[in-house]
Amino acid sequence: MGLIDHPDLLRRHRLTVAQYHRMGEVGVLAPGARVELVEGEVVEMAPIGSRHAAAVNRLNRMLSAAVGEAALVAVQNPLRLDDHSEPQPDLMLLAPREDFYAAAHPRPADVLLLVEVADTTSRYDREVKLPLYARHGVAEVWLVDLDEGLVHLLREPRDGRYTQIQVSATPGVVAPQALPAAAVDLSLLLAR
């Protein structure tokens, strides 16, 4: 048996966000590589299938129309959680900022709503990313699970988990808590 058979014996080096960015700058990470930094580890992201892309496009259109100038819609852009995590959620509604976040990536306090769309990654999103977002205080997350035909609405993070969770196959019209006038019909996302 080797070390790989005993992961508890392995010491891992956790990358910082600065090291991760430097890896991209010097070419260690290929340009356009679909990766994100989660808990200090570079994680390969799943390829984007057509249903996933369509759901993100629909959400982008619906939420852009619903929020107007009240929020900035960011699609598949980085979110700086801490020095070791910079995931790339499928979509975020961000508090407006004059520089459009040119000075720095948004932080959890800037996020009015975060949306993950899952077709092949629902378990990873539920078990890794949602707890990560909760630990860092992202106020509201919607997980659109295309495979299961479910929308998970998660709100009010406390002690590393969301305390208000709704799961529905028929979510209907929903509005982000931070923007109650920005209601959208999430049922459209689950149609095949």
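The values are calculated or read from the model by the stated rules, or taken from the named source; none is laboratory data. This is a predicted model, so every value here is computed, not measured. Quick reminder, even Gly has a Cβ in these numbers, built from the backbone with ideal geometry, and neighbours come from all protein chains shown.
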Residues in the range 75-95 that are of a type in the set (A, V, I, L, M, F, W, C), over 14 Å from Val17 (Cα atoms) and crowded, with 18+ Cβ neighbours inside 10 Å total 4
Would it be correct to say that Leu153 is in contact (Cβ under 8 Å) with a residue 40 or more places away in the chain, buried (at least 19 other Cβ atoms within 10 Å of the Cβ) and not basic (Lys, Arg)? no
The conditions are (1) in a strand (DSSP E or B); (2) modelled with pLDDT under 95; (3) polar (S, T, N, Q), and Gln166 fails exactly one of them. Which is it? (2)
Only one of Arg126, Arg135 is at pLDDT below 95 and at negative phi. Can you tell me which? Arg126
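Residue-by-condition table, conditions (1) over 25 Å from Thr16 (Cα atoms); (2) more than 13 Å from the chain's Cα centre (by Cα):
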site: Gly40; (1), (2): no, yes
site: Ala46; (1), (2): no, yes
site: Glu116; (1), (2): no, no
site: Arg126; (1), (2): no, no
site: Val144; (1), (2): yes, no
Counted residues in the range 38-91 being among the small types (Gly, Ala, Ser) and either part of a strand (DSSP E or B) or closer than 19 Å to His105 by Cα (or both) come to 5
Quick check on my filter: what residues within the range 156-174 are in contact (Cβ under 8 Å) with a residue 24 or more places away in the chain and either among the hydrophobic types (A, V, I, L, M, F, W, C) or buried (at least 19 other Cβ atoms within 10 Å of the Cβ) (or both)? Pro157, Tyr162, Val174
